[in-house]
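The structure appears right after this line, and notes come after that.
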Amino acid sequence: MTEPEMTQSEPYRLYAIKYATHDRPRSMNFMRPPDPHDAPYPIDYFVWVCRSETRTVVIDTGFDQAAADARGRTLHRCPAESLKLVDVEPDEVEDVVITHMHYDHGGNLDKFPRATFHIQDLEMSYVTGRHMKYEILRSSYNVDDVTHLVRKLYNNRVTFHTGDEDLFPGLTLHHVGGHTQGMQFVRAWTERGWVVLASDAMHLYDNWVHQNPFPVVLHIGDMLEGHKKVARLADSPDHVVPGHDPKVMDLYPPPSDDLQGIVARVDLPPVRSGRTDPPMESG
Ligand SMILES: [Zn+2]
């Protein structure tokens, strides 16, 4: 592991908080057809929290009950309220990274009144540009969320990032294409080294392991390159945390017994091996 170049980097504790699920067939998660049967393959929805001694950064803001109803998802808890499970008050949060503006990542912005929202330039231009003329591309967005983000911009609550940038000491942002035009993920320095919170740069371990991309995609090649970038920036395959994989809750310990199945401490090593080995690849 390479320690952060920036001095005085405190390690972060990282929490994956599960707020919703969707029971779905395998075919909704992979571009290549299932073999031989289209078995159930549910996915989870998360928000993430990075905490050091001095700083709290929230990653993504999830969706609300109205969006859950509209799309047939099961909302287990309000993503903003769920932050209180790890002692974070949403109305005191100052920094929120929006990995991309899909409905399951960029809703609930009004529940973070003091926050600055960190987003890639390309994502803002994508969600307000010509590609949204196409239903298949805009259908993963909620126009009210996008409008809300524009309002935040006009209230000077948006910080733009371009490509790969240091956000704070021990926290870095990384652009990948593929899933959307301006998708970004977060890498965090922890007691066990660099952990990548991939969000939808890698929905499921199996998308990566089988090189079988998630079918909501703008550019397949960029998405596959994104998997490699995630893996390259993590200290090992066990330092990669996918954005929608139910395995995350099984692999990582809860912060306390009563939060089993709800919150996982992904800065800690996995407690068991459940991930299949990633593909060997060069370059
Ligand atoms: Zn997503």
Handout entry: Residue count, the stretch 167-190 (criterion: among the small types (G, A, S), more than 15 Å from the ligand (Cβ to nearest atom) and in contact with a strand residue (DSSP E or B) (Cβ under 9 Å, 6 or more places away or on another chain))
Key = 2
Completion exercise
Picked from the stretch 38-77 (must be at pLDDT below 95 and over 19 Å from E92 (Cβ atoms)), the residue nearest to the ligand (Cβ to nearest atom) is Y41
Completion exercise
Of the residues in the stretch 191-200, those that are crowded, with 23+ Cβ neighbours inside 10 Å and either away from the ligand (no atom under 14 Å from the Cβ) or in contact (Cβ under 8 Å) with a residue 60 or more places away in the chain (or both) come to V195, V196, L197, S199, D200
Handout entry: Total residues in the stretch 217-234, condition touching a helix residue (DSSP H, G or I) at 6+ places or on another chain (Cβ under 6 Å) and away from the ligand (no atom under 13 Å from the Cβ)
Key = 1
Exercise for the section: Look at S199 and say whether it is within 26 Å of R71 (Cα to Cα) and either more than 18 Å from the chain's Cα centre (by Cα) or among the aromatic types (F, W, Y) (or both). Expected result: no
Exercise for the section: Evaluate the stretch 153-166: report whether one residue or more is touching a strand residue (DSSP E or B) at 6+ places or on another chain (Cβ under 9 Å) and within 29 Å of T21 (Cβ to Cβ). Expected result: no
Practice task
Would you mind finding the one in T54, T74 that is within 25 Å of S140 (Cβ to Cβ) and not aliphatic (A, V, I, L, M)?
Solution key: T74
Practice task
State all residues of the stretch 37-81 that are surrounded by fewer than 18 Cβ atoms within 10 Å (Cβ to Cβ) and part of a strand (DSSP E or B); if no residue qualifies, say none.
Solution key: P40, T74
Exercise for the section: Filter the stretch 201-216 down to the residues that are over 24 Å from T172 (Cα atoms) and within 15 Å of the ligand (Cβ to nearest atom), then identify the one that is surrounded by the fewest Cβ atoms within 10 Å (Cβ to Cβ). Expected result: P215
Practice task
Pick out the one residue from P11, P34 that is away from the ligand (no atom under 15 Å from the Cβ), on the phi < 0 side of the Ramachandran plot, in a loop (DSSP other than H, G, I, E, B) and without any contact (Cβ under 8 Å) to a residue 12 or more places away in the chain.
Solution key: P34
Exercise for the section: Residue by residue through the stretch 98-138, note down the ones that are among the aliphatic types (A, V, I, L, M), more than 13 Å from the ligand (Cβ to nearest atom) and not in a helix (DSSP H, G or I). Expected result: A115, I119
Exercise for the section: Please go through the stretch 189-210 and pick out each residue that is in a loop (DSSP other than H, G, I, E, B), of a type outside the set (G, A, S) and within 17 Å of H105 (Cα to Cα). Expected result: D200, M202, H203, L204
Exercise for the section: Would you tally the residues in the stretch 235-271 being within 16 Å of the ligand (Cβ to nearest atom) and at pLDDT below 95? Expected result: 0
Practice task
Considering only the stretch 159-188, state which residues are of a type in the set (D, E, K, R), part of a strand (DSSP E or B) and surrounded by fewer than 20 Cβ atoms within 10 Å (Cβ to Cβ).
Solution key: E165, D166
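The values are calculated or read from the model by the stated rules, or taken from the named source; none is laboratory data. Quick caveat, the model's predicted, so the values are computed rather than measured. For neighbour counting, all protein chains shown are included, and Cβ atoms are generated from backbone atoms with ideal geometry for every residue, glycine included.
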